[in-house]
Amino acid sequence: MTELDIHYVGGPTAVIGIGGLRLLTDPTFDAPGEYPMGNRALVKTTGPAVAADAVGAVDAVLLSHDQHPDNLDTSGRAYLASVPLTLSTGSALGRIGGNVTALPNWEHTELTRPDGGTLRITGVPAQHGPDGSEPVVGEVTGFVLSGEGLRTVYVSGDNASLKVVRDIAERFGPFDVAVLFAGAAQTPLLPGADLTLGSVHAAEAAEILGARQVVPLHFEHWGHFTQNGDTLMDAFERAGISDRLHLLKPGERFATGTAR
């Protein structure tokens, strides 16, 4: 059995297969178009490579946050009803309820694996913009996946802070795989500020984390991204770590072998 498998759906959405369990990140299944958010709209340019009804059963959703349609859209919200567990922020629990469970920073929950072991999912900080931006952008979380005989995986969520990355690396690093939300997203509400990792910072984050493999998500398919796959490739090449980067096309998979 493949020990770790990441199937890229599109945007921030991927299915992570680990230890016989299936986890879905930030469900977004809507078609391209304009999606209102306050007095403006986010523009989606490409739909998902896999439809919601084709994803198959998952054991849990890892939801970095619920307040932005590029991380949880209308179809994604409907999808949550079919999932036994959604791990997210306290704010998401208050707004969505249902099967959402808040996973505070540095606390964890465990899922039973088919082989009788457990998968530990730890909530970790994420900062969706520069210092002081949380009142504007809202609460966000990331996740660390670990367990005996499993790869250690970091799922960043919409984080733009290398200080946050350093704090996580000090507690859990080095990582076998880092799933980094990138693209240097920007908003007129915080002019000139990146809301997610820019490409150079994504490469720096990979080095801070000691990540052996990096799979970027959420760097394309929306108009508010200012960087893309080409800039990621260039940044990782300049840092001398292009061999760690796995830049998937929608529908493609990244897989590893059994952990050592």
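Rule-based calculations on the coordinates, nothing more; no lab input. Here the structure is a predicted model, which is why all the values come from computation and not from measurement. Note that each Cβ is placed from the backbone with ideal geometry, even for glycine, and that neighbours are counted across all protein chains shown.
Mind giving me the nanometre distance, one decimal, between the label points for ALA49 and ASP167, set 7 Å out from Cα along Cα→Cβ?
With each label point 7 Å from Cα toward Cβ, the separation is 3.3 nm.
Take the Cα coordinates of the range 82-154, assign each an equal point scatterer, and use the Debye formula without solvent to give log10 I(q)/I(0) at q = 0.22, 0.27 Å⁻¹.
The calculated log intensity ratios at q = 0.22, 0.27 Å⁻¹ are -1.02, -1.23.
Can you put VAL83, VAL165 in order of Cβ neighbours within 10 angstrom, beginning with the fewest?
VAL83, VAL165
Just to check, using Stokes-Einstein with a Kirkwood Rh over alpha carbon pairs, what's the diffusion coefficient of the range 114-260 at 37 °C and 0.692 mPa s in µm²/s?
The Stokes-Einstein estimate is 210 µm²/s.
Using only the Cα atoms of the range 127-200, build the gyration tensor, take square roots of its eigenvalues as a ≥ b ≥ c, and label the shape rounded, prolate or oblate: rounded if a/c is under 1.5, else prolate if a/b is larger than b/c, else oblate.
Prolate.
May I ask for log10 I(q)/I(0) of the range 113-166 at q = 0.22, 0.28 Å⁻¹, from a Debye sum over the Cα atoms as equal point scatterers with solvent left out?
-0.78, -1.05
With the convex hull built on the Cα atoms of the range 4-255, state its orientation-averaged projected area in nm².
12.0
Considering the chain as a Gaussian network with a 10 Å cut-off on Cα pairs, which listed residue, ASP26, ASP167, ASP115, attains the greatest mean-square fluctuation?
Comparing ASP26, ASP167, ASP115 in a Gaussian network model of the chain, the most mobile one is ASP115.
Calculate log10 I(q)/I(0) of the range 57-115 for q = 0.18 Å⁻¹, where I(q) comes from the Debye formula with a single equal point scatterer on each Cα and nothing for solvent.
-0.61
What number, in percent, do you get for the relative contact order of the chain if the mean sequence gap of Cα pairs under 8 Å and at least 6 apart is divided by its residue count?
Once divided by the residue count of the chain, the mean separation gives 19 percent.
Determine the percent antiparallel among the DSSP beta bridges restricted to the chain, to the nearest 5.
Rounded to the nearest five, the antiparallel share is 65 percent.
How much net charge surrounds LEU21 when only the other residues with a Cβ under 12 Å from the Cβ of LEU21 are counted, with Lys and Arg +1 and Asp and Glu -1?
-2
Step through the residues of the range 118-128 one at a time and calculate ³J(HN,Hα) from phi using the Karplus curve (6.51 cos²θ - 1.76 cosθ + 1.60, θ = phi - 60°), rounding each to whole Hz and writing x for Gly and Pro.
10, 9, 8, 10, 10, x, 10, x, 8, 10, 8
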